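The values are calculated or read from the model by the stated rules, or taken from the named source; none is laboratory data. Every value quoted in this text rests on a predicted model; they were computed, and no experiment measured them. FYI the Cβ positions are ideal-geometry reconstructions off the backbone, even for glycines, and counts take in every protein chain you see. Keep in mind that these areas ignore ligands, DNA and RNA; they rest on the heavy atoms of the full protein, side chains included. Shrake-Rupley method; radii C 1.70, N 1.55, O 1.52, S 1.80 Å.
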Amino acid sequence: MNIPQELRYTKTHEWIKVEGNKAKVGITDFAQHEITDIVHIELPENGKSAKKATPTAVIESVKSAFDIYSPVSGKIVEINEALLSSPETVNQSPYENGWLFTVEFVNEEELSDLLSAQDYQKLI
């Protein structure tokens, strides 16, 4: 299972890549494997507020629909619009082209609650 060392993780299988005061969010390789074939994605609107640990996006697969939780609170500043027409990209490239949205976070202390790659490996 691919778990990049430079990312942080949630217990609900989202990854987060911090760049300044912004955080790019996606789902882990483990999550996309468990969800299986992704057929539809609902992304948040740009400018919408995101609250830590609350549903922010939805991924639908051939199995079911899954809520995706924001790892941090803040404002959505970018979404990956390419996923709207090619949701299977999340299965093919969960850490690169399959990112979901970017949050401009307001409370840096929330980052300390996230898991390291080693801790996430133990979780799965």
Inset, instruction - Choose one of 80, 95, 54: the residue whose Cα lies farthest towards the positive end of the charge dipole of the range 54-99 (beta-carbon charges +1 Lys, Arg; -1 Asp, Glu; about the Cα centre). - result: 54
Inset, instruction - For the chain, with all protein chains present and a 1.4 Å probe, just round the carbon and sulfur fraction of the accessible area to a whole percent. - result: 43 percent
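Under a point-charge model restricted to the Cβ atoms of Lys and Arg (+1) and Asp and Glu (-1), what is the dipole moment magnitude of the chain relative to its Cα centre, in debye to the nearest 20? Mind dumping the intermediate values first?
On the way: 11 positive and 20 negative charges, 44 e Å.
My answer is approximately 200 debye.
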Legend entry - Total charge dipole magnitude, the range 1-70, about the Cα centre, Cβ charges on Lys, Arg, Asp, Glu only, Debye to nearest 20: 360 debye
Legend entry - Among 55-61, 31-37, the order from most to least packed when residues are scored by Cβ within 10 Å on average: 55-61, 31-37
Inset, instruction - Please report, in cubic angstrom per residue, the volume enclosed by the convex hull of the alpha-carbon atoms of the chain. - result: 89 Å³
Legend entry - Among 105-112, 41-48, the order from most to least packed when residues are scored by Cβ within 10 Å on average: 41-48, 105-112
Inset, instruction - Divide by every residue of the chain the summed helix terms, -39500 (n - 2.57) for each DSSP H run of at least 4, and state the resulting mean residue ellipticity at 222 nm, rounded to the nearest 500 deg cm²/dmol. - result: -3500 deg cm²/dmol
Legend entry - Total formal charge among the other residues, if their Cβ is under 15 angstrom from that of residue 93, Lys/Arg +1 and Asp/Glu -1: -2
Inset, instruction - Kindly report the accessible area of the chain per residue (heavy atoms of protein chains, probe 1.4 Å, no ligands, DNA or RNA), in Å². - result: 53 Å²
Legend entry - Those lysines that a straight Cα-Cα span of less than 20 Å connects to residue 17, excepting residues fewer than 8 apart in one chain: 48, 51, 52, 75, 122
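For the range 71-113, what does the alpha-carbon gyration tensor say about shape, rounded, prolate or oblate, given a ≥ b ≥ c as the root eigenvalues, a/c under 1.5 as rounded, and a/b over b/c as prolate?
Numbers: a/c = 4.33, a/b = 2.02, b/c = 2.14.
Oblate, since a/c reaches 1.5 and b/c is not below a/b.
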Inset, instruction - Compute, for residue 93, the solvent-accessible surface of its heavy atoms (probe 1.4 Å) with the complete set of protein chains present, and express it in square angstrom to the nearest 10. - result: 20 Å²
